[in-house]
Amino acid sequence: MDDGFDKLRDLLKDQTYPSPYLFKFIVKKDFEFMIGLKNCFDETAEFEKHPSRNGNWISLSIKQMMLSTEDIIDRYKLVQKFDNVIAL
């Protein structure tokens, strides 16, 4: 199955679960957009935001306890549906 996440699957193949995973994104500063993005993660997720120098973009780190590699990939797939998101 080639859905563009084979490299990530390979990187995480030896990971034991459940385990915390740190997602990192660069996102456009937009309040409604941030609410939608937050809805892609559980209530227990920890969010850390750092605005860019000019304030138009936000570096977003999200720490979430994940149960499997496929759960991690599913989160990335949810976030992919949004415009103006760069996954790191």
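When the Karplus curve 6.51 cos²θ - 1.76 cosθ + 1.60 is applied with θ = phi - 60°, which whole-Hz ³J(HN,Hα) does each residue of segment 57-67 get, with x for Gly and Pro? Taking θ as phi minus 60°, the curve returns 10, 10, 7, 10, 10, 10, 9, 9, 6, 10, 9 Hz for segment 57-67.
For segment 67-88, the residues whose backbone nitrogen is under 12 Å from a point 7 Å from the Cα of ARG9, taken along Cα to Cβ, are 69-71, 73-74.
In summary, the lysines within cross-link reach of LYS29, defined as a Cα separation below 17 angstrom excluding same-chain residues under 8 places away, comprise LYS38, LYS49, LYS81. When the chain is treated as a Gaussian network with alpha carbon springs shorter than 10 Å, the biggest mean-square fluctuation among LEU11, LEU22, LEU37 belongs to LEU11. Length gained on full extension, THR16 to ASN39: 5.7 nm, using 0.36 nm per residue less the C-alpha separation. Expressed as an acute angle from 0 to 90° and rounded to the nearest 10, what is the orientation of the C-alpha long axis of helix 69-80 relative to the principal long axis of the chain? Here the helix axis deviates by roughly 30 degrees.
When the Cα positions of GLY55, LEU11, PHE41 are compared along the charge dipole of the chain, GLY55 comes out farthest toward the positive end, with charges on each C-beta of Lys, Arg, Asp and Glu.
Taking neighbour Cβ counts within 10 Å as the exposure measure, how do GLU43, GLU70 sort from fewest upward? The partial results should precede the final answer.
On the way: GLU43 5, GLU70 12.
Ordered from fewest to most neighbouring Cβ atoms within 10 Å, GLU43, GLU70 come out as GLU43, GLU70.
Treat every Asp and Glu Cβ in the chain as -1 and every Lys and Arg Cβ as +1, leave all other atoms uncharged, and give the resulting dipole magnitude about the Cα centre to the nearest 20 debye.
So the dipole magnitude of the chain works out to roughly 420 debye.
Note: relative contact order over the chain, using C-alpha pairs below 8 Å and six or more positions apart, is 41 percent.
The phi-based Karplus calculation (6.51 cos²θ - 1.76 cosθ + 1.60; θ = phi - 60°) puts the 3J(HN,Hα) values of segment 5-19 at 10, 4, 5, 5, 4, 5, 5, 9, 4, 9, 5, 9, 10, x, 7 Hz, whole numbers, x for Gly and Pro. Run through segment 1-43 and list the trypsin sites (Lys or Arg not before Pro) located in a DSSP loop whose Cβ has at most 12 other Cβ atoms within 10 Å. Qualifying residues, ordered by number: LYS13.
Each reported figure results from applying straightforward, stated rules to the coordinates on display, with no laboratory input. From a predicted model like this one, the values you see are computed outputs, not experimental measurements. Note that we place each Cβ from the backbone using ideal geometry, even for glycine, and neighbour counts take in every protein chain shown.
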